[in-house]
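The values are calculated or read from the model by the stated rules, or taken from the named source; none is laboratory data. All of these numbers come straight from a predicted model, not from anything done at the bench. Note that each Cβ is placed from the backbone with ideal geometry, even for glycine, and that neighbours are counted across all protein chains shown.
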């Protein structure tokens, strides 16, 4: 194949930073991190591979990351070393394409790493094995594969999916007869073939993949779809669905105030319609009259079809390996549906034709019942119906690090008369339609990033970056963070003078202001002594203990922890905070909004 030129790739790098397909490194960086990137480019599904630009140095410290071409000293040796390591270091040989070029008088290398065939995945470093030696390319980052990732790769080779595995100890006696009867009844109403539905229960369950091939143990799919409450509580207690009502627009961590929870544990065949009905009954409604009618018709502010699609997608695509419930959170201005398990389709490709599910047996049964589609039309349908109701498009967020997927449905009617009146204050800036929509959503949610802008307006990454920078440059947005972690807050000029004088939150990171976010003299004496005892080369276990104690004392941001422990905040995040979040040793102060401008870490209740 003919590779893009270095100039073309470098221009793209300089415009939009490192991405899912491009990473820049100095020649001296041809170490284990470069090989991790090779693994990630080889493994990432449906990307075709990625490009390494060697001889480029990235500079941190500004709001935008700058890149300088520094060149390579010995391109022949570098090519040979890279080709040899790609051949020998992995479980299967990788054959990159390498192109030597001159740019501004310096020698640089363009390295294309092709995506590996499905039967060779996961590609991993033999010295580390799986999962620690296998990587994926998520956005601009290279991340260690999770158990779900490894399972997905092996399933693509023709292995069984997780929902087809047997749950040891279960039998057909653990099936809820009402759930199986509801399945038969609904299928008959939809015109299913009688030959299947007239089978005895054991044979019907086997035909649906609800029981294992050997013996009569239920599979994960069989237990989730048809299991009775007692069996589910005994074997899969965290497959429940939590419906949470929150007063106001922000999550409140105090369990004794301001929210109510309804927990539903039961077979999905019965539980999904019940949960959808519960949510619909609770959503504020408007009323309408047909042109030739006289009877009032109550219509949910969020259309019924959208809520059903969102709930069904959450239970169909969730990871049943994760011991977490699906959460449906109703705020005063939005509905959020969150499920464990990131999207198997990259965020920027959500809504394209085609579907990929980690639970094919569960998906097939829900499709049989008319609850789910399996052709990838669910998200386009949600967007179309929300648009027809003059509502903001659904906002989707897939978090690979936390292994979580969320959809946010705003009850706010987009560009109402009040919105136009508010936007009229910025007439001099000649806002485009997509900029206007983004500002209205920002006013509702409080923060915005590139992914949200793309979701709202269905534009590409470069267009979203350009629009957000323009809104920043004209003084309507305040940019925070760097690189992939960049997000935007409303400025006083956008919100108006009534909110301009709001006092800063003590948990604000202080990164962009350069201010001192915390007075370390406030530390309790025993904590100060523990920190002093760490030194610079403490064991990781000891550092984690001190971080837990600090976050039990009070919620702290990454910048505050870095200042207290005298360590780089990025280093802390990469080597401690993310791992502790994943292991449940820390929690986010605002778990429903990872990019919240006042985000901080706290110790879980058991750790206090």
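Tabulated data for the structure shown
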{"item": "Residue check for residue 444: touching a strand residue (DSSP E or B) at 6+ places or on another chain (Cβ under 9 Å), within 18 Å of residue 391 (Cα to Cα), at pLDDT below 85 and not in a loop (DSSP other than H, G, I, E, B)", "result": "yes"}
{"item": "Of all residues in segment 136-148 being at pLDDT below 85 and in contact with a helix residue (DSSP H, G or I) (Cβ under 6 Å, 6 or more places away or on another chain), the one that is surrounded by the most Cβ atoms within 10 Å (Cβ to Cβ)", "result": "139"}
{"item": "Check on residue 124, modelled with pLDDT of 90 or more, farther than 30 Å from residue 486 by Cβ and within 25 Å of the chain's Cα centre (by Cα)", "result": "yes"}
{"item": "Residue identified as free of Cβ contacts under 8 Å to residues at least 12 places away in the same chain and assigned by TED's automatic domain parsing to the domain that holds residue 42 among 136, 128", "result": "128"}
{"item": "Residue ID - nearest to residue 87 (Cα to Cα), chosen from residues in segment 121-135 that are crowded, with 19+ Cβ neighbours inside 10 Å and out of contact with any strand residue (DSSP E or B) (no Cβ under 6 Å at 6 or more places or on another chain)", "result": "125"}
{"item": "Residue check for residue 460: over 23 Å from the mean Cα position of the chain (by Cα), farther than 25 Å from residue 251 by Cα and exposed (fewer than 15 other Cβ atoms within 10 Å of the Cβ)", "result": "no"}
{"item": "Criterion violated by residue 345 - all others in (1) under 14 Å from residue 398 (Cα atoms); (2) touching a strand residue (DSSP E or B) at 6+ places or on another chain (Cβ under 8 Å) satisfied", "result": "(2)"}
{"item": "Test for residue 339: is it farther than 13 Å from residue 403 by Cβ and modelled with pLDDT of 90 or more", "result": "no"}
{"item": "Residues located in segment 361-398, provided they are within 24 Å of residue 182 (Cα to Cα) and modelled with pLDDT under 85", "result": "372, 373, 374, 378"}
{"item": "Subset of segment 518-540 that is surrounded by 10 or more Cβ atoms within 10 Å (Cβ to Cβ) and assigned to a loop (DSSP other than H, G, I, E, B) - its residue that is modelled with the lowest pLDDT", "result": "518"}
{"item": "Residue that is modelled with the highest pLDDT, among those in segment 281-303 that are out of contact with any helix residue (DSSP H, G or I) (no Cβ under 6 Å at 6 or more places or on another chain) and closer than 15 Å to residue 408 by Cα", "result": "302"}
{"item": "Residue that is at pLDDT 85 or above and part of a helix (DSSP H, G or I), where the choices are 475, 424", "result": "424"}
{"item": "Top-ranked residue in segment 207-243 [being in contact (Cβ under 8 Å) with a residue 60 or more places away in the chain and part of a loop (DSSP other than H, G, I, E, B); ranked as surrounded by the most Cβ atoms within 10 Å (Cβ to Cβ)]", "result": "210"}
{"item": "Some residue of segment 306-329 being modelled with pLDDT of 80 or more, surrounded by fewer than 19 Cβ atoms within 10 Å (Cβ to Cβ) and within 24 Å of residue 441 (Cβ to Cβ)", "result": "no"}
{"item": "Options 556, 550, 577; residue that is over 28 Å from residue 442 (Cα atoms), at pLDDT 85 or above and crowded, with 17+ Cβ neighbours inside 10 Å", "result": "550"}
{"item": "Test: residue in segment 399-417 that is out of contact with any helix residue (DSSP H, G or I) (no Cβ under 9 Å at 6 or more places or on another chain), modelled with pLDDT of 85 or more and part of a helix (DSSP H, G or I)", "result": "no"}
{"item": "Some residue of segment 276-283 being buried (at least 20 other Cβ atoms within 10 Å of the Cβ) and either touching a residue at least 24 places away in the same chain (Cβ under 8 Å) or not in a helix (DSSP H, G or I) (or both)", "result": "yes"}
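Results for (1) outside any loop (DSSP other than H, G, I, E, B); (2) in contact (Cβ under 8 Å) with a residue 24 or more places away in the chain; (3) not assigned by TED's automatic domain parsing to the domain that holds residue 182, shown as yes or no for each residue.
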| site | (1), (2), (3) |
| --- | --- |
| 308 | yes, yes, no |
| 324 | no, yes, no |
| 336 | yes, yes, no |
| 357 | no, yes, no |
| 363 | yes, yes, no |
| 367 | yes, no, no |
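Conditions tested, residue by residue: (1) within 28 Å of the chain's Cα centre (by Cα); (2) assigned to a helix (DSSP H, G or I); (3) surrounded by 15 or more Cβ atoms within 10 Å (Cβ to Cβ); (4) on the phi > 0 side of the Ramachandran plot.
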site	(1), (2), (3), (4)
111	no, no, yes, no
150	yes, yes, yes, no
163	yes, yes, yes, no
180	no, yes, yes, no
